[in-house]
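S.K.: Once you've had a glance at the structure underneath, I'll fire off some questions.
Values quoted throughout were computed directly from the atomic coordinates according to the rules given, and no laboratory measurement underlies them. All figures in this text were calculated on a predicted structure; none of them were measured in a lab. A quick note on method: Cβ atoms are made from the backbone with ideal geometry, for glycine too, and the neighbour counts reach across all protein chains shown.
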Amino acid sequence: MAKSDNITKVDVAIFGAGIAGLWTFNHLKRLGYNVILLEKKAIGGEQSIASQGIIHSGLKFSLAGKVSNIAKTISKMPEIWQDALNGKNVVDLSNAKTNASSQHLFIPKGAFGNLTNIVAQKTLGNQAHSIPKNKWNENIKSCGFDGSIIFMDEPVLDIPSVIRALASPYISCIRKITDEQASTPFNFLKENNIIAKRIIFTCASNNHIIAKKNYHECGLETQKRPLLQAMLRPAPFPLYAHLVGKTDKPLVSITTHKAKNGDFIWYLGGKVAERKKDDDPNHVYNSALKTFKKYLPNIDFSDVKWSSLPIDRIEGKSRTDGWMPDTPTIHHTNEALYCWPTKLTFAPMLSQMILEDLKNLEIEPSNKISNFSFLPDVDYAQAPWDKTKWTKLI
Ligand SMILES: Cc1cc2nc3c(=O)[nH]c(=O)nc-3n(C[C@H](O)[C@H](O)[C@H](O)COP(=O)(O)OP(=O)(O)OC[C@H]3O[C@@H](n4cnc5c(N)ncnc54)[C@H](O)[C@@H]3O)c2cc1C
């Protein structure tokens, strides 16, 4: 790979083009910072492109009947995202698509019942309310669900289009590095004569490895929570819903996505997916089917094809209950920042925290744009349903 002999001075160098790196990159670029974003695989990251695209408002995190801390901190996020989608935020997502403007909480008879209603009111005020049975849409009426349904004012975004909206305005400043260069990022910058006032790592699980290698590990704790997500096609109908059980986690969270060939996919997270990544995928398919047969009994799944995605959620270590932190995590060192958003929804908050760090160090936008053409372009990541194999359940 070509090296640059000229010195390139930037305000900020960011490693990792998932949602954390991309939102921060776009935000800083719009403020006039000279930024380079370096990615070793594809624009859109690993977890980000695989996410369900839900912009949480907190209700899902209050299912056990108490308003958790994360429910409170995350409840401010949908408004920020909505402003961005309307082109009214410093980050402009007006070219991104919304898959659904709201979601449903399905509460079967005998689950939390009224409690969730009360918590919904407490956390979200008027953003959540019960939908009377005669107002359910025809697909939901005919699927055989017996219980109550709560309307949640939480959008589900088309993440591939969010990624493009963040990356495309400044694509010439997003450059590819090799695995070898990515494993020694400080050397890479030095060898290419790139001098950055601040270096930021948004490399998910690799953050910890890089911090350790560079003796920045003191006080750093991270955690991985594995998932085996399931996908099925064709989707019976468009559905964006959390099916509530008797614990603080939904039995299954269903989002609907359009594959490149036009098919609609149901993407399934929640409790059914919370298992080891190397578990037999048939276990997650059968668990999802069992749940659907019990709660959505009139849907015929006999002709669908299935697929799975083993993946880790990576974040700072929760100080409280081993669940997830209530906010994004930043590990500060003199040489660099190591950052995890915790949830895609928190990307704007993380970016704001990074901006505070730059302000504290008196790093101001230089309003310059360097030429990074000595480094190669990076491709966009493909959604999980566009790059997987599908199988019929035997
Ligand atoms: C299945 C699933 C569903 C989810 N659904 C939701 C949801 O609906 N709503 C929500 O709010 N959150 C959701 N989350 C959580 C959310 O997706 C993550 O918190 C978020 O995407 C993490 O973003 P990130 O940028 O830190 O990481 P990633 O998206 O993983 O990006 C990290 C990037 O860094 C790159 N990289 C690694 N090392 C280097 C290096 N040395 N140099 C350069 N680049 C490097 C990687 O190639 C990758 O592109 C979900 C997570 C999963 C796994």
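S.K.: Which ³J(HN,Hα) values in Hz, rounded to whole numbers, follow from the phi angles of region 158-173 under the Karplus curve 6.51 cos²θ - 1.76 cosθ + 1.60, where θ = phi - 60° and Gly and Pro get x?
M.R.: So the Karplus estimates, Gly and Pro as x, are 7, 5, x, 6, 5, 4, 5, 4, 7, 8, 4, x, 10, 4, 5, 9 Hz.
S.K.: To continue, here is another question. Mind checking the angle between helix 347-360 and the chain's longest principal axis? C-alpha axes, 0 to 90 degrees, to the nearest 10.
M.R.: The angle comes out near 30 degrees.
S.K.: If you don't mind, there's one more thing I want to ask. Divide by every residue of the chain the summed helix terms, -39500 (n - 2.57) for each DSSP H run of at least 4, and state the resulting mean residue ellipticity at 222 nm, rounded to the nearest 500 deg cm²/dmol. Let's see the in-between values first.
M.R.: Details: 12 runs with 106 residues, N = 394.
Calculated mean residue ellipticity at 222 nm is -7500 deg cm²/dmol.
S.K.: Would you mind putting 138-149, 237-248 in packing order, based on average other-beta-carbon counts within 10 Å, highest first? Before the final figure, lay out each step's value.
M.R.: Details: 138-149: 15.7, 237-248: 19.4.
Packing order, densest peptide first, comes out as 237-248, 138-149.
S.K.: Return the long-range amide H neighbours of Ile177 (sequence gap of 5 or more, or a different chain), with a cut-off of under 5 Å between placed amide H atoms.
M.R.: Answer set, sorted by chain and number: Glu39, Lys40.
S.K.: Return an integer: the convex hull volume of the alpha-carbon atoms of the chain, in Å³ per residue.
M.R.: Considering the Cα atoms of the chain, their hull volume per residue is 141 Å³.
S.K.: Starting from the amide H of Thr342, placed 1.01 Å from N in the peptide plane, find each other amide H under 5 Å away whose residue is 5 or more places distant or on another chain.
M.R.: Amide H neighbours of Thr342, under 5 Å, 5+ apart: Gly316, Thr329.
S.K.: Now for a separate question. Could you go through region 11-28 in sequence order and give the Karplus-derived ³J(HN,Hα) for each residue, using 6.51 cos²θ - 1.76 cosθ + 1.60 with θ = phi - 60°, rounded to whole Hz, and x for Gly and Pro?
M.R.: Result, rounded to whole Hz: 6, 9, 10, 10, 9, x, 9, x, 4, 5, x, 5, 5, 4, 4, 5, 4, 5.
S.K.: Just want the answer: with Cβ charges of +1 for Lys and Arg and -1 for Asp and Glu, which residue in Leu375, Gln47, Leu289 is farthest toward the dipole's positive end in region 8-392?
M.R.: Going by the charge dipole, the pick is Leu289.
S.K.: Using per-residue counts of other Cβ atoms within 10 Å, averaged over each peptide, order 375-385, 158-168 from highest down.
M.R.: 158-168, 375-385
S.K.: Angle between the Cα long axis of helix 281-295 and the longest principal axis of the chain, 0 to 90 degrees, nearest 10?
M.R.: Relative to the chain, helix 281-295 is tipped by roughly 40 degrees.
S.K.: Order the peptides 41-54, 263-276 from the highest to the lowest mean number of other Cβ atoms within 10 Å of their residues.
M.R.: Sorting 41-54, 263-276 by mean packing, highest first, produces 41-54, 263-276.
S.K.: Once you've got the Cα coordinates, tell me which of Lys40/Lys249; Lys72/Lys317; Lys135/Lys343; Lys133/Lys290; Lys88/Lys368 are over 28 Å apart. Numbers along the way, then the final one.
M.R.: Details: Lys40/Lys249 34 Å; Lys72/Lys317 19 Å; Lys135/Lys343 32 Å; Lys133/Lys290 24 Å; Lys88/Lys368 24 Å.
Check vs 28 Å cut-off fails for Lys40/Lys249; Lys135/Lys343.
S.K.: Under the Karplus relation 6.51 cos²θ - 1.76 cosθ + 1.60, θ = phi - 60°, what is the ordered set of whole-Hz ³J(HN,Hα) values for region 40-46, x standing for Gly and Pro?
M.R.: Result, rounded to whole Hz: 9, 10, 8, 6, x, x, 9.
S.K.: Could you compute the net charge surrounding Ala100? Neighbours are other residues with a C-beta less than 10 Å from the C-beta of Ala100; K and R count +1, D and E count -1.
M.R.: On the way: positive: none; negative: Glu154, Asp158.
Local charge sum for Ala100: -2.
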